[in-house]
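The values are calculated or read from the model by the stated rules, or taken from the named source; none is laboratory data. All values derive from a computational prediction rather than experimental measurement. Every residue, glycine as well, gets a Cβ built from its backbone with ideal geometry; the counts of neighbours run over all protein chains shown.
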Amino acid sequence: MERIDFRDQISRNKRNSFFLMVFVAVVIVLFGYVISLAFDPTYTTFILTIAILFSLLYTWINYYNSAKIAVSAVGAKVADRIEFSDYYRLVESLTIASGLPMPELYIMKSSSINAFASGRDPKHAVVCVTTGALEKLERRELEGVLAHELGHVANYDIRFITLVTVMVGMVAIISQIFLRSLWFRNGNDNKNSGIFILIGILFAILAPIVVSLVQLSISRKREYSADATAVKFTRNPNGLIGALKRIEEENAPEKKVSKALAPLFFSNPLKGWGSTHPTIEKRIDALKKM
């Protein structure tokens, strides 16, 4: 079996994620260009300005409150240091090994094995695990899961995912404004505007779908990176492999979470809602090569 250095895996996935994000940006620019050909440039500026203002407001709110929003959305509670002392000890040892600040620790009531991290940077991070993870995982398996979540923190994945989410939202907003603006057109547009309006309508319908698929692809790449970073922190892929195998075997009911939060979790909490994570089999195969 060909061995893969975890550093190479991290670098490769970061590079792929960057190119996918550039693709989303190109889609936004092309969409704006098509609109400019279909309408008066002043009208195009108005559409893009409104979309950007909405996106910036959305970014600001989510960026500075991402951790609070995430733990509140799933009903998580602050983990008591005495009751969950092993949980604290594992995270503390991992922060020493990784050089990261100690995050705030939370508990989410759910029988499924899962966890997530959130926060705009390592100094404002939170880590949350389900009660099912604490009850069902062995110590080294739980360590692997926690190292994975700290990997997201170390790689600034929450900031990256927030930015990509905003870009996807921008495309959706521009699409909706463009489609609705067709009702208010006058007959003074240039003679070639008809064909560009048809192209714009096609773009408005397909662009949100395409960039959403790209968003899911980016999310999957970040999972591979977090797995590789977990190996970097623990120097042992077996704990994480064991945790993934347990998740694959269990049939515990998933706690309902919003679609927007799904990319944050260690394991996809939305069955059949689109793949925010690589398959467990592929993640295990990648880990076995490290």
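The figures follow:
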read-out: Matching residues, the range 111-142, being of a type outside the set (V, I, T) and assigned to a strand (DSSP E or B); value: A115, F116, A117, S118, C128
read-out: Residues that are out of contact with any Ser or Thr (no Cβ under 7 Å at 6 or more places or on another chain) and β-branched (V, I, T), drawn from the range 125-141; value: V127, V129
read-out: Residues of the range 255-290 satisfying the condition of being of a type in the set (S, T, N, Q) and at pLDDT 85 or above; value: T279
read-out: Count of the range 203-240 residues which are within 13 Å of V27 (Cα to Cα) and over 20 Å from the mean Cα position of the chain (by Cα); value: 4
read-out: Condition broken by V214, with the remaining ones in (1) buried (at least 17 other Cβ atoms within 10 Å of the Cβ); (2) within 18 Å of Y33 (Cβ to Cβ); (3) at pLDDT 70 or above; (4) of a type outside the set (G, A, S) satisfied; value: (2)
read-out: The range 135-151, residues that are under 17 Å from M108 (Cβ atoms) and either among the acidic types (D, E) or at pLDDT below 90 (or both); value: E135, E149
read-out: Condition check for G132: closer than 23 Å to A79 by Cβ, modelled with pLDDT under 90, out of contact with any Lys or Arg (no Cβ under 7 Å at 6 or more places or on another chain) and among the small types (G, A, S); value: no
